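Please treat every number below as a calculation from the coordinates, not as lab data. Just so it is clear, the structure is predicted and the values come from calculations on it, not from any experiment. No Cβ is skipped: glycine too gets one built from the backbone with ideal geometry, and neighbour counts run over all protein chains shown.
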Amino acid sequence: MDAKEMIWERHSVRDFLPTPIPAEIIQEILEAGHLAPSTQNRQPWRYLVFTENAKIQKLALHCGLIGLSNFFIRQAPCLIIACADLKDNIKINGKDYYLVDTAISFHQMLLYARSYGIESCWLAAFSEKKLKAYLKIPENWKIVAMAPLGYPKEKKGLYTKAVSNFANSSERKPLESVVRFM
Ligand SMILES: Cc1cc2nc3c(=O)[nH]c(=O)nc-3n(C[C@H](O)[C@H](O)[C@H](O)COP(=O)(O)O)c2cc1C
């Protein structure tokens, strides 16, 4: 897969086959994220990796009320929770950079996964408080996002269709409305 296909053909996938992802591929995906740039090379990201569907099904029940909107995660063969350790955060111009650093790393992983035909969906709808308690995540870590990963089902389910219609997922604002040449 070339870079153009990796980016132009990407879309959020919420329907997965139960097929497990081989451990060595998961390892490579994690390394792809770990190679990301970060502010002063602080590497604040920390990853919790689930590779057993039974554990993902249990996790789906501990994401809080808002997390129920992402109940589709229970089908996934793999799920990664991207956290950041605030001791490796850096503030510049009053801005915390752990979110930027972790997002770059996580998205690098998710894009790289596509080269193996593995798709994913960024998720922010979860209760950080409930998940932190369930997973005993250290106090000074933040949960930035999570993503189920897996080989896509051929057909989108009803729920996926509803969510992507709701979010107008295939639409992008006109490029000229978000870019200003200087
Ligand atoms: C930070 C972030 C959080 C998101 N949270 C959710 C979520 O909780 N549930 C969900 O179904 N999709 C979620 N999405 C996916 C977006 O809805 C999706 O990326 C957007 O509609 C564009 O569609 P596309 O990814 O198919 O191009 C999230 C995406 C991002 C980047």
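State all residues of region 166-182 that are within 10 Å of the ligand (Cβ to nearest atom) and farther than 14 Å from S69 by Cβ; if no residue qualifies, say none.
Across region 166-182, the qualifying residues are N168, S169, S170, E171, R172.
Could you check region 1-97 for helices (runs of 4 or more DSSP H) lying wholly inside it with 1 or more residues that are out of contact with any Phe, Trp or Tyr (no Cβ under 6 Å at 6 or more places or on another chain), aliphatic (A, V, I, L, M) and within 20 Å of Q108 (Cβ to Cβ)?
Qualifying helices (runs of 4 or more DSSP H): 3-8, 23-34.
Looking at region 9-30 only, could you name the residues that are touching a helix residue (DSSP H, G or I) at 6+ places or on another chain (Cβ under 9 Å) and either of a type outside the set (A, V, I, L, M, F, W, C) or on the phi > 0 side of the Ramachandran plot (or both)?
Residues satisfying the conditions are E9, R10, H11, S12, R14, D15, P18, P20, E28.
Which residues, taken from region 128-182, are part of a strand (DSSP E or B) and more than 20 Å from P77 (Cβ to Cβ)?
W141, K142, I143, V144
Could you identify the single residue in S105, S69, S120 that is loosely packed, with under 15 Cβ neighbours inside 10 Å and within 14 Å of the ligand (Cβ to nearest atom)?
After applying the criteria, what remains is S69.
Among the residues of region 148-164, count how many are away from the ligand (no atom under 12 Å from the Cβ), under 15 Å from S120 (Cβ atoms) and out of contact with any strand residue (DSSP E or B) (no Cβ under 6 Å at 6 or more places or on another chain).
2
Quick one: is I137 surrounded by fewer than 19 Cβ atoms within 10 Å (Cβ to Cβ), touching a residue at least 40 places away in the same chain (Cβ under 8 Å) and either touching a strand residue (DSSP E or B) at 6+ places or on another chain (Cβ under 7 Å) or over 25 Å from A3 (Cα atoms) (or both)?
Criteria met by I137.
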